[in-house]
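Have a look at the structure below, then the notes.
The values are calculated or read from the model by the stated rules, or taken from the named source; none is laboratory data. Owing to the predicted nature of the structure, the values given are computational and were not obtained by experimental measurement. Heads up, the Cβs are rebuilt from the backbone with ideal geometry, glycines too, and the neighbour counts pull from every protein chain shown.
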Ligand SMILES: Cc1ncc(COP(=O)(O)O)c(C=O)c1O
């Protein structure tokens, strides 16, 4: 199957118009010694065969529908209302590109404008861009904004160890050529109040996660005040779904809010694609990376939308641009916008509360088991840590026999937290599944 | 035709979903941490469906019609790709589940790495980068790490032709290196004399787009690569234009050291109204150890009875992670579906017909539209949207008028080295009939430009929306559903 519509007659006629004899003659500009390599690739197959092959390959995976998933750590199994995917499947949305021609792209433009609005309201900030690749790269771009804001005069950032390890790694990757000092995440037990002491005149930005990687929710206003007193920008990495019930970071002084939009209507899909959320204050809008949609009118007097403040972007400013981002996560931003619309004010709050109650019930039950201790001392949202009597990998292997996908092994990224499991409980988990998990853990700890 | 905003459809107390009751004992909500207001819309499911349905109808898309947006490879997106990406066995896998339980995903990723290596002539491929620009940043960081590792710390210059896409210089700046712009010569190639002036021991590398953004295969490619390699620099390849090269030439064979592919261009994954994309990076042998963390490898070869076991491997001198988890798996999966179906002969046919279609359009339009660097092109070409005898007409006017004829306009004003550029990329999935219809429209517009220029200046006429006031949008910023006062005192 090739999706090429040309008949032999078409080809002959077109070659004649071009003035060459055959298709091979189109490539004379290419050095002959390397032209037409013999590639070792499979032969073509039909659409029918490819669906059979891929069905078989997909069945080689364990998936979260046929298991009880207690694994989170930055990617969460939530209920997605049908309308979300029905919207994503509209050909006019998914087969269009960046809305450079606003007259014929109002659908995408207005949808992004609504996404921006929803993100602003959810995070309590002033402006949102049209998306980043994911939460991790959004955090890296927040760091770059802060460095640019201080015009290169501040060369340090302070980051909490309770920010997702992948996010911190991405920040280090992005900034490796910038001569930046990154402090704060050396010890896993460092809390927001301890970060205050690390802020100084060289600090461009301080970043924390809310709820943090271990599930904790703490009052971050003191850190926000300390950041501002030292002249640093205050960045909060959020789980946007938790903001269905938690005080938004805009209310406690955040300058930048970033996060991954996956919990808002985006399937797990092995971790991508998702959408990187980025919201900030008005005063930083011109330093912000990424696309922005603004409202205007057309020459017939109708309200319409366009990409605006483009002089920040790479296609205009080139090496002086705020970022290199071009293709972003448009369709995933649309998914989040549809999800938030259909969930609405009451639905999102309810989902957040369902997660909260179920997680607390689970934590309490596990904490009562011999050998298991709940580690969190702060309030938490839908994820928490338990100290286990055996290595987490061993427990998880046994849980699979119960069709349970166990929690995240914290020892992988935090050596001091060996035998600590990070457990996530979302609204899709029923009480019976929690009770099964508890029974399984009890049995596993006994043998 | 204005569609209300989702907030305008809201009515207090209305619900869009039903959710289950709490089936566990409730826990008190944390004091002082619960928000009071949650300003989200309150709408019914039907409102949401109609709203987004109506919005979708305001869009032009590949599935609506011809979309010759140069440099973006707006080919047809096979529908089967969408179904495969939604198979529960893929869509419902968790990125952190034990790789032993996700062998289907890993086998697929391994195969795609392999095919991309073969097509590009590279020793290894990373599927991590999220888009082309992200691949560029990854590649430039790899080049930096390579020089650092060799103790060659003074190499900070990245040479970039003036015809390059804006992401090339922007990615370089993000990597902490310095951009040196190299002009093009009279034939649209990199100017060799200018290049020579900059080739010294401070060069880290050169970013090469080939075919270049004029749609031309760099005639001096071997000299360019020889010069840069000669002074110790590496070559970064911007693979945005790989649609012209499948089975035709392997960038690695030309001496390119690192290159990004765009799965959302060459390999048919949809553009999603702006994304998501996927920008895998291929590297030559000497750069394999620097790839981002992780790559998919075989951790146990297996035997006759046992299939190989795949796992994630951290390259020994890795630049680190560029993204959370494992890249855009859902996009990777669509590209896999496409490549598996097309196979070796199908992929070669893609390039053959993409190049034939572009040359056919070029042949039919070159007498009417000035083509500044006119020779056999690859998968696209650049024409000028201006005429001496129609002084008021700009490329933008032609673009807008094309909408009245039912087409998406070509890319405007890129590359920057052609005045009033119209960059036309038909792709292989367009039939001769569709190209002929486009040619007819282009010729008609050229005639209108002389006889009735106002009809172009005021276009589009037949679309649901007219030209937008972009100046107003930038001056009176309204970026969300409430006015934005940039000079609000507490925001200063
Ligand atoms: C020549 C070229 N290079 C790089 C890019 C950037 O790729 P992406 O948009 O996937 O980041 C583009 C995108 O349009 C391009 O045309």
When you check residue A:352 against the structure, is it in contact with a strand residue (DSSP E or B) (Cβ under 7 Å, 6 or more places away or on another chain) and assigned by TED's automatic domain parsing to the domain that holds residue A:432, yes or no? no
What residue, among those in the stretch B:27-71 that are assigned to a strand (DSSP E or B) and more than 16 Å from the ligand (Cβ to nearest atom), is surrounded by the fewest Cβ atoms within 10 Å (Cβ to Cβ)? B:34
Specify which of the listed residues (A:195, A:223, A:199, A:180) is closer than 25 Å to residue B:325 by Cα and at pLDDT 95 or above. A:180
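Look at residue B:253 and say whether it is away from the ligand (no atom under 16 Å from the Cβ), assigned to a loop (DSSP other than H, G, I, E, B), surrounded by fewer than 24 Cβ atoms within 10 Å (Cβ to Cβ) and at negative phi. Working first, answer last.
Numbers: away from the ligand (no atom under 16 Å from the Cβ): yes; assigned to a loop (DSSP other than H, G, I, E, B): no; surrounded by fewer than 24 Cβ atoms within 10 Å (Cβ to Cβ): yes; at negative phi: yes.
Against the criterion (away from the ligand (no atom under 16 Å from the Cβ), assigned to a loop (DSSP other than H, G, I, E, B), surrounded by fewer than 24 Cβ atoms within 10 Å (Cβ to Cβ) and at negative phi), residue B:253 does not qualify.
Tell me, which residue of the stretch B:111-143 that is within 7 Å of another protein chain (Cβ to nearest Cβ) and closer than 22 Å to residue B:324 by Cβ is farthest from the ligand (Cβ to nearest atom)?
Start the filter on the stretch B:111-143 by keeping residues that are within 7 Å of another protein chain (Cβ to nearest Cβ), which leaves B:115, B:118-119, B:130-134, B:136-137, B:141.
Subset that is closer than 22 Å to residue B:324 by Cβ: B:130-134, B:136-137, B:141.
Details: B:130: 8, B:131: 4, B:132: 2, B:133: 3, B:134: 6, B:136: 7, B:137: 10, B:141: 15 Å.
Ranking the candidates gives B:141 first.
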Can you tell me which of (1) within 7 Å of chain A (Cβ to nearest Cβ); (2) assigned to a loop (DSSP other than H, G, I, E, B); (3) surrounded by fewer than 23 Cβ atoms within 10 Å (Cβ to Cβ) is the one residue B:74 doesn't meet? (3)
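Would you call residue B:2 within 7 Å of chain A (Cβ to nearest Cβ) and not in a helix (DSSP H, G or I)?
Values: within 7 Å of chain A (Cβ to nearest Cβ): yes; not in a helix (DSSP H, G or I): yes.
Considered against the rule, which asks whether it is within 7 Å of chain A (Cβ to nearest Cβ) and not in a helix (DSSP H, G or I), residue B:2 comes out as yes.
Which of the residues spanning the stretch A:184-198 are touching a strand residue (DSSP E or B) at 6+ places or on another chain (Cβ under 7 Å) and within 15 Å of residue A:234 (Cα to Cα)? Break it down into steps so the answer makes sense when it comes.
Narrowing the stretch A:184-198 to residues touching a strand residue (DSSP E or B) at 6+ places or on another chain (Cβ under 7 Å): A:184-185, A:192, A:195, A:198.
Residues satisfying the conditions are A:184, A:192, A:195, A:198.
Scan the stretch B:36-45 and tell me whether some residue there is under 17 Å from residue A:108 (Cα atoms) and touching a residue at least 12 places away in the same chain (Cβ under 8 Å). Give the steps one after another, and end with the answer.
Filtering the stretch B:36-45 for residues under 17 Å from residue A:108 (Cα atoms) gives none.
Among the residues of the stretch B:36-45, not one is under 17 Å from residue A:108 (Cα atoms) and touching a residue at least 12 places away in the same chain (Cβ under 8 Å), which makes the answer no.
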So for the stretch A:167-186 (the condition being within 12 Å of chain B (Cβ to nearest Cβ), in contact (Cβ under 8 Å) with a residue 12 or more places away in the chain and out of contact with any helix residue (DSSP H, G or I) (no Cβ under 9 Å at 6 or more places or on another chain)), does at least one residue qualify? yes
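Starting from residues that are over 21 Å from the mean Cα position of the chain (by Cα) and part of a helix (DSSP H, G or I), keep the ones in the stretch B:102-113 and report whichever is nearest to residue A:56 (Cα to Cα). Step through it out loud before you land on a result.
Residues of the stretch B:102-113 over 21 Å from the mean Cα position of the chain (by Cα): B:102-108, B:110-111.
From the residues that got through so far, the ones that are part of a helix (DSSP H, G or I) too are B:103-108, B:110-111.
Working: B:103: 11, B:104: 8, B:105: 11, B:106: 13, B:107: 12, B:108: 11, B:110: 16, B:111: 15 Å.
Selected residue: B:104.
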When (1) free of Cβ contacts under 8 Å to residues at least 60 places away in the same chain; (2) under 24 Å from the mean Cα position of the chain (by Cα) are applied to residue B:133, the one that fails is (1)
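Would you confirm, using the coordinates I've provided, whether residue B:272 is without any contact (Cβ under 8 Å) to a residue 12 or more places away in the chain, within 14 Å of chain A (Cβ to nearest Cβ) and within 16 Å of the ligand (Cβ to nearest atom)? Spell out how you get there, then give the answer.
Numbers: without any contact (Cβ under 8 Å) to a residue 12 or more places away in the chain: yes; within 14 Å of chain A (Cβ to nearest Cβ): yes; within 16 Å of the ligand (Cβ to nearest atom): yes.
For residue B:272, the condition - without any contact (Cβ under 8 Å) to a residue 12 or more places away in the chain, within 14 Å of chain A (Cβ to nearest Cβ) and within 16 Å of the ligand (Cβ to nearest atom) - is met.
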Out of B:402, B:416, B:396, B:477, report the one residue that is closer than 26 Å to residue A:296 by Cα and not in a helix (DSSP H, G or I). B:477
Return only the number of the condition from (1) under 28 Å from residue B:331 (Cβ atoms); (2) outside any loop (DSSP other than H, G, I, E, B); (3) within 9 Å of chain B (Cβ to nearest Cβ) that residue A:328 does not satisfy. (2)
Mind checking which residues of the stretch B:256-311 are crowded, with 24+ Cβ neighbours inside 10 Å, touching a strand residue (DSSP E or B) at 6+ places or on another chain (Cβ under 6 Å) and part of a loop (DSSP other than H, G, I, E, B)? B:256, B:257, B:279, B:280, B:291, B:292
Going through the stretch B:236-250 one residue at a time, which ones are part of a loop (DSSP other than H, G, I, E, B) and away from the ligand (no atom under 11 Å from the Cβ)? B:245, B:246, B:247, B:248, B:249, B:250
Looking only at the stretch A:69-85, decide whether some residue is facing chain B (nearest Cβ under 7 Å) and either surrounded by fewer than 22 Cβ atoms within 10 Å (Cβ to Cβ) or free of Cβ contacts under 8 Å to residues at least 40 places away in the same chain (or both). yes
Which residue out of A:55, A:106, A:110, A:116 is over 30 Å from residue B:245 (Cα atoms), out of contact with any helix residue (DSSP H, G or I) (no Cβ under 8 Å at 6 or more places or on another chain) and either within 7 Å of another protein chain (Cβ to nearest Cβ) or surrounded by fewer than 22 Cβ atoms within 10 Å (Cβ to Cβ) (or both)? A:116
Does the stretch B:404-423 hold any residues that are surrounded by 21 or more Cβ atoms within 10 Å (Cβ to Cβ), within 18 Å of the chain's Cα centre (by Cα) and farther than 17 Å from residue B:387 by Cβ, and which are they? B:408, B:409, B:411, B:415, B:423
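For the stretch A:368-375, indicate whether the set of residues that are away from the ligand (no atom under 16 Å from the Cβ) and free of Cβ contacts under 8 Å to residues at least 12 places away in the same chain is non-empty.
Let us first name the residues in the stretch A:368-375 that are away from the ligand (no atom under 16 Å from the Cβ), namely A:368-375.
Imposing the further condition that a residue be free of Cβ contacts under 8 Å to residues at least 12 places away in the same chain reduces the set to A:368.
Within the stretch A:368-375, one or more residues are away from the ligand (no atom under 16 Å from the Cβ) and free of Cβ contacts under 8 Å to residues at least 12 places away in the same chain.
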